[in-house]
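The values are calculated or read from the model by the stated rules, or taken from the named source; none is laboratory data. Owing to the predicted nature of the structure, the values given are computational and were not obtained by experimental measurement. Reconstructed Cβ throughout: ideal geometry from the backbone, glycine too, with neighbour counts over all protein chains shown.
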Amino acid sequence: MNSPLSGQAGRVAAEGATVRARGRLRLLGLQALVAICCAACGGGGGDGTTTTTSMAPGGNGSSAGGSSGSGSGANSGSGSGSNMGDASDGGSGSGSGTNGGNNAGGNTGSGTTTAKTYPTDVLMHHNDLARTGQMLAETTLTLSNVNVATFGKLRMVPADGKVNAQPLYVTNLATGGAAHNVVYVATEHGSLYAYDADTGAQLWKITLLGAGETSTTTGCPDFTPEIGITSTPVIDRTRGPNGALYAVAMSTDGNGAAHHRFHAIDLATGAELFGGPTEIAASYPGNGSNSVNGVIHFEPDLHTERAALTLVGGIVYMGWTAHCMSGPYTGWVMAYSADTLRQTGTLNVTPNGSQGSIWMAGSGMASDGASLWLIDGNGSFTPTLNAQGFPVDGNLGNTFMKLSLAPSLAVTDYFATMNNVTQAANDEDFGSGGPLLLPDQTMADGTVKRLAVGAGKDNKIYVVDRDAMGKYNPNANGNWQTLTGTLAGGIWGSAAYYNGVVYYGGLNDSLKALPVTNARLATSAATRTATTFPYPGTTPAISANGAENGIVWALENGATGALHAYDASNLGRELYNSNQSGARDQWGPGNKFITPMITQGKVFVGTQTGVVVFGLLR
């Protein structure tokens, strides 16, 4: 589906220039738009460390597997994990920077890297490529010491804009002549910070905006007043001299033109790596929205990178949405090399239609190291199928998709609900929630099933067989399991998994624990919280020391945000919330579509003015 457009290069370039000119004019109009119905638009720890030594791009460093799963990567990468495991990339790469940079001293070259990764690292959204949200190497926080007497707010590390991206964490990084535990914070003002996680001291700060550019102003309710770095970056400790953080930033130049650029940033210094940044651009064959002569061009003014970045096998994957949920946009997936920052693949999921946003409320695409899984938002879906069961024109709006990895980036399987077209028309998009890959599940007869879970705005949970997702049937859903009535509200976020249980927090609903037995999710909650979570619900995260001291953390949005902690084995037992001690632990308004990050005795929460840090009180 992503074959090159041979013989069209000159015409495509000319058409692209015309489309971009139109886009600059449209941008001024779009900034004034405010989407109608804000709520509707909504926008592993192993044991010990892993050492990777390499001189070339490597393969998958560990694999998402069952309990105590392990995997190995190319070069000398290896890794292990408990339960779902950590599916981080295990190879390292090289590259060289020749361009003069505008951040932290210019571009920096690379060489060989010997890096240690730690079980306490948090290098991607929701901790691993399965997107389980589990931190299984937490030895400090326990069921007995997380309470209002001994646990609370330690500090706020400030930032110059909203923090919509999940903070990330690197353990024991050598920088500035000393070893630090570092938390990385990205803002909608286009800034990236490195803070000492233990003291709150700022180690460095850079801007990812181009010279003379500003963050993109917007009236869109999910992002107002500006868009800079929206999606959660991803980190690879084995690339570049000190490891690399990959991020996408949006900006506007002096002529009103929008830009998206892909950056690789040195973890220790904040310098640009591998000759970056790279300007995001793409074309794809199709007659969909805003196409010209059978070609769709990616228009920066229409799109935003909202879904968390995904790194698999040395390739960074991006999923694009429309920041105002308006205009003639389509659904894009792009792939870029982690070593060269060059594009290695593109895919449009509504090439002959419109919309199809890939945003998932900021959740990331999931992967088992061999494929990608994502859920896109409402958009064109063509119910006329070919002999293989796929829409005849490639339009796959509002579906749960399985993709092959770049360079042959293509949809290899999918699931669409039987009422897909009606859902899309009613803005009940499936893609308001992100995917979760479960560990291998065994049925009563011994059959092993590889399952994934997703949910959107229709209050249902859909479980799919990753080896046969179910495709589309207008008369009946063909997926593995559909849970109706389990959730009281829709999902704007994603689930978490720990110790045989899936945790979901819907709109105006309790956070619920759904055990998995014989490859089936329980249709009613085993336990639930007394608290119900207002828009957009909650995306939980887990801390535990292996199978002990399991704690479920959840954020509550509102005029006064709140952090909650629950016993993972009984959500009816609340251990702590940040409103229990009056103003002592409060930080101000909540922030939508954010999930707590937990490691080494601390909980980090992105807010509208920085990151608030919780831990044991001294």
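Tabulated data for the structure shown
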item: Matching entry among G111, G105, G100, G85 (being surrounded by 24 or more Cβ atoms within 10 Å (Cβ to Cβ), modelled with pLDDT under 95 and assigned to a loop (DSSP other than H, G, I, E, B)); result: G85
item: Flag for A452 being of a type in the set (A, V, I, L, M, F, W, C) and under 23 Å from S543 (Cα atoms); result: yes
item: All positions within segment 449-480 that are surrounded by fewer than 17 Cβ atoms within 10 Å (Cβ to Cβ) and under 28 Å from the mean Cα position of the chain (by Cα); result: D467, A468
item: Segment 291-333, subset within 14 Å of the chain's Cα centre (by Cα) and among the aliphatic types (A, V, I, L, M), residue surrounded by the most Cβ atoms within 10 Å (Cβ to Cβ); result: A307
item: Count of segment 563-618 residues which are at pLDDT 95 or above, aromatic (F, W, Y) and either out of contact with any Gly (no Cβ under 7 Å at 6 or more places or on another chain) or not in a strand (DSSP E or B) (or both); result: 4
item: Filter result for the condition that a residue is over 23 Å from the mean Cα position of the chain (by Cα), surrounded by fewer than 23 Cβ atoms within 10 Å (Cβ to Cβ) and within 29 Å of S144 (Cβ to Cβ), over A519, A530; result: A530
item: Residues located in segment 534-566, provided they are among the hydrophobic types (A, V, I, L, M, F, W, C) and either surrounded by fewer than 20 Cβ atoms within 10 Å (Cβ to Cβ) or over 21 Å from P435 (Cα atoms) (or both); result: A544, A547, I551, A559, A562, L563, A565
item: Selection status of T523, over 15 Å from I598 (Cα atoms), modelled with pLDDT of 95 or more, of a type in the set (S, T, Y) and not in a strand (DSSP E or B); result: yes
item: Residue in segment 326-348 that is in contact with a helix residue (DSSP H, G or I) (Cβ under 8 Å, 6 or more places away or on another chain) and not hydrophobic (A, V, I, L, M, F, W, C) present; result: yes
item: Check on G558, small (G, A, S) and not in a strand (DSSP E or B); result: yes
item: Residues (in contact with a Leu (Cβ under 7 Å, 6 or more places away or on another chain) and closer than 30 Å to T175 by Cα) located in segment 278-306; result: T278
item: Selection within segment 400-456 - assigned to a loop (DSSP other than H, G, I, E, B), in contact with a helix residue (DSSP H, G or I) (Cβ under 9 Å, 6 or more places away or on another chain) and among the aliphatic types (A, V, I, L, M); result: A416
item: Selected residue (criterion: farthest from the chain's Cα centre (by Cα)) from residues of segment 216-242 that are surrounded by 24 or more Cβ atoms within 10 Å (Cβ to Cβ) and small (G, A, S); result: G240
item: Unique match (being surrounded by fewer than 24 Cβ atoms within 10 Å (Cβ to Cβ) and in a loop (DSSP other than H, G, I, E, B)) among T350, T344, T340; result: T340
item: Filter result (more than 30 Å from V170 (Cα to Cα) and either of a type in the set (F, W, Y) or not in a strand (DSSP E or B) (or both)) within segment 242-257; result: D253, G254, N255, G256, A257
item: Selection count, segment 263-279, where residues are more than 16 Å from T238 (Cα to Cα), assigned to a loop (DSSP other than H, G, I, E, B) and not small (G, A, S); result: 1
item: Residue satisfying condition, being within 18 Å of the chain's Cα centre (by Cα), among the small types (G, A, S), surrounded by fewer than 24 Cβ atoms within 10 Å (Cβ to Cβ) and modelled with pLDDT of 95 or more, within set G434, G369, G389, G394; result: G369
item: Condition met for G256 (over 30 Å from S494 (Cα atoms) and of a type outside the set (A, V, I, L, M)); result: yes
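A quick yes/no check of all residues on (1) in a strand (DSSP E or B); (2) acidic (D, E); (3) touching a Cys at 6+ places or on another chain (Cβ under 9 Å); (4) within 30 Å of N127 (Cβ to Cβ):
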| site | (1), (2), (3), (4) |
| --- | --- |
| A281 | no, no, no, no |
| Y284 | yes, no, no, no |
| S289 | no, no, no, no |
| I296 | yes, no, no, no |
| L311 | yes, no, no, yes |
| M318 | yes, no, no, yes |
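One line per residue, one yes/no per condition, for (1) closer than 23 Å to L514 by Cα; (2) out of contact with any Asp or Glu (no Cβ under 8 Å at 6 or more places or on another chain); (3) among the small types (G, A, S):
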{"position": "G397", "(1), (2), (3)": "no, no, yes"}
{"position": "M418", "(1), (2), (3)": "no, yes, no"}
{"position": "A424", "(1), (2), (3)": "no, yes, yes"}
{"position": "D440", "(1), (2), (3)": "yes, yes, no"}
{"position": "V448", "(1), (2), (3)": "yes, no, no"}
{"position": "G454", "(1), (2), (3)": "yes, yes, yes"}
